[in-house]
Amino acid sequence: MNKFITTLRNIWSIEELRKRILQTILIILIFRIGSHVVLPGVDVAKLKDLTESNGLLGLLNTLVGGAFQNASVMALGIMPYISASIAIQLLTLALPYFSKLQKEGESGRRKLNQITRWLTIIVAAAQALTYVRATIPTDAITISQGLFYVSSVILIVSGTVMCMWLGERMTEKGVGNGISMMIMIGIVSRFPGAIIGEAQARGGNGQILFFVLELVALFLVVLFAVAITQATRRIPVQYAKQIVGNKVVTGQRQYLPLKLNIAGVMPIIFGQALMFIPGLVLTYLAESTKSDTFQNWAIIMNNPASWQYCIIYAVLIIGFTFFYTAISINPNQIADDMKRGGGFIPGVKPGQPTSDFVANILDRITLPGGVLLAVIAILPAFAGLLGMTQGFASFFGGTSLLILVGVVLDTLQQIESYLLMKRYEGLMQSGRIQGRQIDANVPA
């Protein structure tokens, strides 16, 4: 405990870090206040709760901290920006223009950021119109519907732009990645309510001991998620001697880090989005054909706790893990960069053999990474079968847990770097906190 207090004092004694932490807290407060500002012309008491499910609406509501459910001006949060960023990332692989911008350094990065911002506005406008038309019932609208739809779309888009600006300011002036931090804050804001709800449910049934065991299980699941996030396969890279000016730089051995979970949380998000399609199709077929078979399968595919749903969900996650890893890391580019830098993997020839070696390593670590990711994704379903409330069970895995773990590790890594620069002892006595984001093209 004394060591923890000393570490907090060291953190507070660094002026730049102290200012960054205070600015981060201020931005978080602004974001949370905005999440509770309701759209003009909405009677909140008449809003139907359309997000109390494990579906895509429930996921979105969790990521924005309940703003979606409350019809807030920040109902979409930062999610349109995330969607636009993913689209631009995919376009850099498909279109030569975007690929060229990505290779132009700082100027290209600024152009891509500008395109991402404009695309965010377009995505936010489309999602805002869908949101106000599909999720807000007409009896909850207290003004003219035409005026309400126009004003709400403008306000929601403005709220998204505000969230995007706050995230960028947090990254520049605060601690950690601002965009990821805002998503994490939205998730964390629902955790106290989930804990209280679960405690009341267990306490009312006289199952306090079971509630304590649930907290212990949650702690173990978090440790499991941290282990998966931190697990790294390090490939040794030897650099030859180089002549720089009049000096001879001795060759060094470094490591190329390849994370077990390179794809992060994206396979779970993609898999969860696609799992809506079978349920919708089967429901439509059941209603149109009046078939008992389609009706039974529609019930199964709309029930995230069914074993059939879990198996299909897990297969989709494993498949998306391979897909996202393939588009995130290019073994050929790694081999070329390594060759230009005078580096080589001991026992492996430069060029194509190096590319094949890296690709083989990726294949070996992606499969277990995808399987473990699928296990985390379906853990909330098992938690629900044990009688946990839905809000509490959602923290036992899935998107919420991985985002929380990843963002916290990234933030701790940045804080630790400040401590080490000032020659203070780091946050951990042994080892370094590894960041969630790793550039596979640059040896560690």
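The values are calculated or read from the model by the stated rules, or taken from the named source; none is laboratory data. If you're wondering where the values come from, they're calculated on a predicted model, not measured in any experiment. Positions of Cβ are backbone-derived with ideal geometry, glycine not excepted, and every protein chain shown enters the neighbour counts. These accessible areas exclude ligands, DNA and RNA; they are computed on the full protein's heavy atoms, side chains included. Shrake-Rupley method; radii C 1.70, N 1.55, O 1.52, S 1.80 Å.
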Worksheet, complete the sentence: With the dipole of the chain defined by +1 on each Lys or Arg Cβ and -1 on each Asp or Glu Cβ, the option from GLN333, PRO236, PRO304 whose Cα lies farthest towards the positive pole is PRO236
Item to complete: Using only the alpha carbons, work out the radius of gyration and Dmax of the stretch 143-294 in angstrom.
Response: 25.9, 84
Response to the item:
Per the charge dipole of the chain (beta-carbon charges, Lys/Arg positive, Asp/Glu negative, Cα centre), the residue among GLY343, ILE88, THR283 reaching farthest to the positive end is GLY343
Practice prompt. Order these peptides, 259-267, 312-320, by their mean beta-carbon neighbour count within 10 angstrom, highest first.
Written response: 259-267, 312-320
Worksheet item: Where the only charges are on Cβ atoms (+1 Lys, Arg; -1 Asp, Glu), what is the dipole of the chain about its Cα centre, to the nearest 20 debye?
Response: 1540
Worksheet entry | Contour minus Cα-Cα distance for SER417 and GLN252 (0.36 nm per residue) | 57.1 nm
Item to complete: Subtracting the Cα-Cα distance from 0.36 nm times the residue separation, let me have the gained length for GLN295 to LEU213 in nm, one decimal.
Response: 25.8 nm
Worksheet item: Along the positive direction of the dipole of the chain (beta-carbon charges: Lys, Arg +1; Asp, Glu -1; about the Cα centre), which of ALA194, ASN113, LEU17 reaches farthest?
Response: LEU17
Fill in: Cβ-defined net charge surrounding GLY77, 14 Å radius [Lys, Arg +1; Asp, Glu -1]
+2
Worksheet item: What nm value, rounded to one decimal, do you get for the distance between LEU26 and GLN200 when each label is placed 7 Å out toward the C-beta?
Response: 3.6
Worksheet entry | Heavy-atom accessible area ranking, 1.4 Å probe, most first, across GLU16, GLU168, GLU416 | GLU16, GLU168, GLU416
Item to complete: Be a star and scan the stretch 155-185 for residues whose amide nitrogen sits under 14 Å from the point 7 Å along the Cα-to-Cβ vector of LYS19.
Response: 172-175
Worksheet item: What's the extension gain from ASN360 to ALA134 if we count 0.36 nm per residue and subtract their Cα-Cα distance?
Response: 76.7 nm
Worksheet item: Considering only Cα-Cα distances, which of the following residue pairs are longer than 25 Å: LYS111/LYS173; LYS46/LYS290; LYS259/LYS339; LYS100/LYS259; LYS173/LYS339?
Response: LYS46/LYS290; LYS100/LYS259; LYS173/LYS339
Worksheet item: At a Förster distance of 41 Å, what's the computed FRET efficiency of ALA87 paired with LEU8, Cβ-Cβ distance as r, to 0.05?
Response: 0.50
